[in-house]
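Working notes for the structure below.
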Amino acid sequence: MRLKRLSPLAVLLAAASMIALTALAACGGTETVVQTVVVKEEVAVEVPVTVEVEKEVIVQGETVVQTVEVEKQVVVEKEVTPTPDPGALKDVPRNRTLVITHWSDSYRTQHDNVENFNWWLPGNSHARHASEKGLIEFLFYTNLNEGNIIPWLGESFEYNDSLDAVDVKIREGAKWSDGVDFTAHDVKFTIDMVRNNAPDLNRSTHWNDMISEVVVHDDYNLTIHLSRPDPRFFQVQFGFGWENHTPIVPKHVWENEDPLTFNNYDPEKGWPLGTGAYRLALSTPEVQIYDRRDDWWASETGFHDAPMVERIQYIPVANDDIAGQLYINNQLDAGPPLLKGTFEAAKGFNDALRSWNFEGPVWGAPDGCNFVLILNNQKTHFSSVDVRWAINHAINRDEITGLAYEGGVPAVVVPISSYGVKQYLPLMQDILDKYDAGNHSLEKVDERMTTAGYSKDSEGFWTKDGERVEITLEIPSWMRPQGPFLEKQLQEGGFDAVFKQGEPATIGDRLRMGETEVVWVQCGSINEPYDTFKSYHSKNSAPPGENYKGAVQGGRYENPEMDAILDEMEAMLHSPDDPRYVELARGAMELFLRDMPVIHIAEELHVIVHNTHWWTGWPGVEDPYVAPYPPWNGWYHITLNLKPTGN
């Protein structure tokens, strides 16, 4: 019997229907409803009942009827009202429920740490994936698209003239979800708690290094004293709205707990406490639910209107394809980006799906990150500048961006993104032209490798002293489109390269140990060159066999000239109008291109997906009120801005 061949679109639609049924079975549909009901049931109970019966008694040959009392069991119908559960979920319809999932680097089939909401423990990601969308609020946010600061729990901050102290004013009227005032004492307690538990809590080593003291002046004013001048420290740590998850904790709860063992979870006490518009109502491996509070401080004080989203439902998703199918069936409103082809196929079935841009091929939004080929500069072969440059010339960036990503991302050669930092590029154009790093040239590959003392073996691969240049390209799943192209290009350039797709966690561990060649992302390029170049400071490297110490320093580049430039830049306010700052930025760019410590390939523009079937008010190119990335703090403002469509 011949099987009928289905078109790819038909296959996708059939799969979408199947996953919809699967999701309904696994998650109970698109709503979670627990109701207290009154039921009537027939129950057997022992009830003493007195009844009159007639009984024949024979007395001297006569039959006499007497009435006597007997006790017996009977079955009665009893109305049973279950005891109300104070933690039971209310009924919220789908058109008032925002359904989200995690970021693409955290695909999973179940949530973890479902009874541990200690935001400060390494590996606990609640503050990154769900809680910061409704329960947690931060002191300040930044609209990274336009650079403006959004004051929130903090009202203002100001540096002193020497840039080593920051005065912070806390907003009066903010309250924790148990009604206790949010004050400067909570901020000081949190900072001291983190510093006192270095290196075991997130950010503790860095804060211990940078913060010397926190002084509270009154309930709403404090000063953070720094160990050395750093004009960007406070905003980066407490108000960037990027991957800066630094939630303040309630002193009146945490001061009685050990932060290394405290799980911050007790539904009967309302833990975890937050200042946000939502409370945690349910946490299981299958779903987390956050319900809107009626007593949110911001709506009570008139600072902000109550959000129209009544419930946030956070579900796990296993991969890109399943996410696409959930989007098609309007079972998912936001979460992971999709590969360009997956998004366009899904949009073909559901025109309510949109990305940052309304039209392709460039759908996605910038995120301050680039795709980077990271080579351990301490290893044989890759310790040579000529070899690193030869590998760079073997890469055809236009082929990768045009074919692997179908024109959806731009090629890059330096650690600069599409955010505000790009204003510095015209000031460095002569340096970019001098090195011409984007030039794909096999002739230049041969020239560099020959200069470095290499020759080709019988199979056409570069060798030196009998050792072939082997490159194992480990690439996580969300960057897999470039893998086959890079493998082919490097092989054509004479390098024995093999593409290997792996899990982000495993690859990350090997990257930190310097054990493999990795295509990864390097972030930090937001509003000034220092934010990215600081990754190449020697202090972030490590000796062979040890984990690198900071930033994305998988390249383990060490150069005292670069260190001196970065040390001076660290203590300066950036400005393209400051001749000294520009001179230093140019110096860093010159060293980067001269030494090519890592190889930048393309800018990361994720095809963010927003479903407009149930909700409108999403950010986009036409209204860039906040960056659209789910794992960033600023996503909270999307929750507050959404409005129901009426569907």
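Here are the numbers for this structure:
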quantity: Matching residues in the range 160-204 - criterion: being part of a loop (DSSP other than H, G, I, E, B) and closer than 26 Å to His574 by Cα; calculated: Asn160, Asp161, Ser162, Leu163, Asp164, Arg203
quantity: Residues that are at pLDDT 95 or above, under 27 Å from the mean Cα position of the chain (by Cα) and among the polar types (S, T, N, Q), drawn from the range 136-172; calculated: Ser156
quantity: Output for the range 338-359, where each listed residue is in contact (Cβ under 8 Å) with a residue 24 or more places away in the chain, open to solvent by 40 Å² or more (accessible area, probe 1.4 Å) and more than 14 Å from Asp320 (Cα to Cα); calculated: Gly348, Phe349, Phe358
quantity: Number of the condition not met by Phe117 [criteria: (1) in a strand (DSSP E or B); (2) modelled with pLDDT of 95 or more]; calculated: (1)
quantity: Tally of residues being in contact with a strand residue (DSSP E or B) (Cβ under 7 Å, 6 or more places away or on another chain), over 19 Å from Phe485 (Cα atoms), touching a residue at least 12 places away in the same chain (Cβ under 8 Å) and not aliphatic (A, V, I, L, M) across the range 431-458; calculated: 2
quantity: The range 285-319, subset part of a loop (DSSP other than H, G, I, E, B) and touching a His at 6+ places or on another chain (Cβ under 8 Å), residue farthest from Thr183 (Cα to Cα); calculated: Val317
quantity: Subset of the range 141-156 [part of a strand (DSSP E or B) and surrounded by fewer than 20 Cβ atoms within 10 Å (Cβ to Cβ)]; calculated: Asn143, Asn148, Ile149, Ile150, Pro151, Glu155, Ser156
quantity: Residues located in the range 70-106, provided they are open to solvent by less than 60 Å² (accessible area, probe 1.4 Å) and at pLDDT 80 or above; calculated: Leu89, Val92, Pro93, Arg94, Asn95, Thr97, Leu98, Val99, Ile100, Thr101, His102, Trp103
quantity: Meets criteria (at pLDDT below 85, among the basic types (Lys, Arg) and either open to solvent by less than 50 Å² (accessible area, probe 1.4 Å) or farther than 30 Å from Val194 by Cα (or both)) for Lys133; calculated: no
quantity: The range 373-400 - residue that is of a type in the set (Val, Ile, Thr) and at pLDDT below 95 and, of those, most open to solvent (accessible area, probe 1.4 Å); calculated: Thr380
quantity: Flag if Leu584 is of a type outside the set (Ser, Thr, Tyr) and part of a helix (DSSP H, G or I); calculated: yes
quantity: Test: residue in the range 300-309 that is of a type outside the set (A, V, I, L, M), closer than 18 Å to Phe138 by Cα and buried (at least 20 other Cβ atoms within 10 Å of the Cβ); calculated: yes
quantity: Residue pairs meeting the criteria (Cβ under 6 Å; at least 6 apart or on separate chains; first more than 21 Å from Gly408 (Cα to Cα), in the range 604-630; second open to solvent by 10 Å² or more (accessible area, probe 1.4 Å) and hydrophobic (A, V, I, L, M, F, W, C)); calculated: Thr612/Ala352; His613/Ala352
quantity: Positions within the range 271-284 being under 26 Å from Arg108 (Cα atoms), open to solvent by less than 10 Å² (accessible area, probe 1.4 Å) and either of a type in the set (Val, Ile, Thr) or part of a strand (DSSP E or B) (or both), in sequence order; calculated: Tyr278
quantity: Flag if Ser177 is modelled with pLDDT under 95, crowded, with 18+ Cβ neighbours inside 10 Å and touching a Lys or Arg at 6+ places or on another chain (Cβ under 7 Å); calculated: no
quantity: Qualifying positions in the range 549-570 - closer than 15 Å to Phe233 by Cβ and at pLDDT 90 or above; calculated: Leu566, Asp567, Met569, Glu570
quantity: Where Thr261 falls short, out of the listed (1) open to solvent by 40 Å² or more (accessible area, probe 1.4 Å); (2) farther than 30 Å from His574 by Cα; (3) in contact with a strand residue (DSSP E or B) (Cβ under 7 Å, 6 or more places away or on another chain); calculated: (3)
quantity: Unmet criterion (only one of (1) part of a helix (DSSP H, G or I); (2) at pLDDT below 95; (3) in contact with a strand residue (DSSP E or B) (Cβ under 6 Å, 6 or more places away or on another chain)) for Lys347; calculated: (2)
quantity: Residues of the range 611-625 classified as outside any loop (DSSP other than H, G, I, E, B) and surrounded by fewer than 22 Cβ atoms within 10 Å (Cβ to Cβ), total; calculated: 3
quantity: Residue under evaluation Leu605, criteria (1) more than 30 Å from Ala334 (Cα to Cα); (2) aliphatic (A, V, I, L, M); (3) not in a helix (DSSP H, G or I), criterion not met; calculated: (1)
quantity: Residue within the range 381-402 that is of a type in the set (Gly, Ala, Ser), within 14 Å of Phe495 (Cα to Cα), without any contact (Cβ under 8 Å) to a residue 12 or more places away in the chain and in a loop (DSSP other than H, G, I, E, B) present; calculated: no
quantity: All positions within the range 495-511 that are in contact (Cβ under 8 Å) with a residue 60 or more places away in the chain and within 18 Å of Lys379 (Cβ to Cβ); calculated: Phe495, Leu511
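The values are calculated or read from the model by the stated rules, or taken from the named source; none is laboratory data. The structure displayed is predicted, hence computed values, not measured ones. Don't worry about glycine lacking a Cβ; one is built from the backbone with ideal geometry, like all the others, and counts go over all protein chains shown. Only protein heavy atoms, including side chains, enter the accessible area calculation; ligands, DNA and RNA are left aside. Shrake-Rupley method; radii C 1.70, N 1.55, O 1.52, S 1.80 Å.
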